[in-house]
Amino acid sequence: MIVLALLLAPALAEEEEKITITDEDGRNVAVPLDPNSIICLSPGASEVIYALGESDRIIAVTEDCDMPPTLLEKEHIGKSGGDADIEKIIELNSDLVIGKTGALFPEDMEQKLTDYRIPVLWYRLLHIDALIPMIRDLGRVLEKKDEALEMADRISGYYDTVF
């Protein structure tokens, strides 16, 4: 029994380090908890990660991830998610890729990444109804839940005041 427990321990530890996130497309994706390396193909996601003080985790972006300007110093892997260099993404072997929903990040590209066990979250962020859940999701993934909830509440309050 002890031998079986020792054999299963690495698999159980790996399961404990993942969190399931429901992305903007409604897909349940198991992603690493507290990932060290993230590739952002979504400008909104890169801005939120930066605002949470975790931009060091971003190892590459597309050229449209240009705010704040310090993100321009990251490695570029294409102009946008739809034309991202999939081979370069695979080579970088990140813990997580954040792409844009739908045709802005083709499913065949995602399939290649998942074949290499690189999880992909999709966010497009055309409305606050997508932004707030993404902020909360990234807060959970990055173990910055309190900071993310504060940010989401602040943005929601501002939105409610203006609209």
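The values are calculated or read from the model by the stated rules, or taken from the named source; none is laboratory data. Bear in mind the structure is a predicted one, so any value in this text is a computation, not a measurement. Every residue, glycine among them, receives a Cβ derived from its backbone with ideal geometry; neighbour counts consider all protein chains shown.
Of note:
- Leading residue by the ranking (surrounded by the most Cβ atoms within 10 Å (Cβ to Cβ)) among those in the stretch 47-69 that are out of contact with any strand residue (DSSP E or B) (no Cβ under 9 Å at 6 or more places or on another chain), in a helix (DSSP H, G or I) and hydrophobic (A, V, I, L, M, F, W, C): V48
- Residues being over 25 Å from K145 (Cβ atoms), within 14 Å of the chain's Cα centre (by Cα) and at pLDDT 95 or above - total across the stretch 90-133: 0
- Of all residues in the stretch 90-101, none are out of contact with any strand residue (DSSP E or B) (no Cβ under 7 Å at 6 or more places or on another chain), within 18 Å of E47 (Cβ to Cβ) and of a type in the set (D, E).
- If the condition is being in contact (Cβ under 8 Å) with a residue 24 or more places away in the chain, over 23 Å from G81 (Cβ atoms) and buried (at least 19 other Cβ atoms within 10 Å of the Cβ), then the stretch 114-163 contributes K144, M151.
- Set D34, D23: member being charged (D, E, K, R), within 14 Å of G139 (Cα to Cα) and crowded, with 17+ Cβ neighbours inside 10 Å: D23
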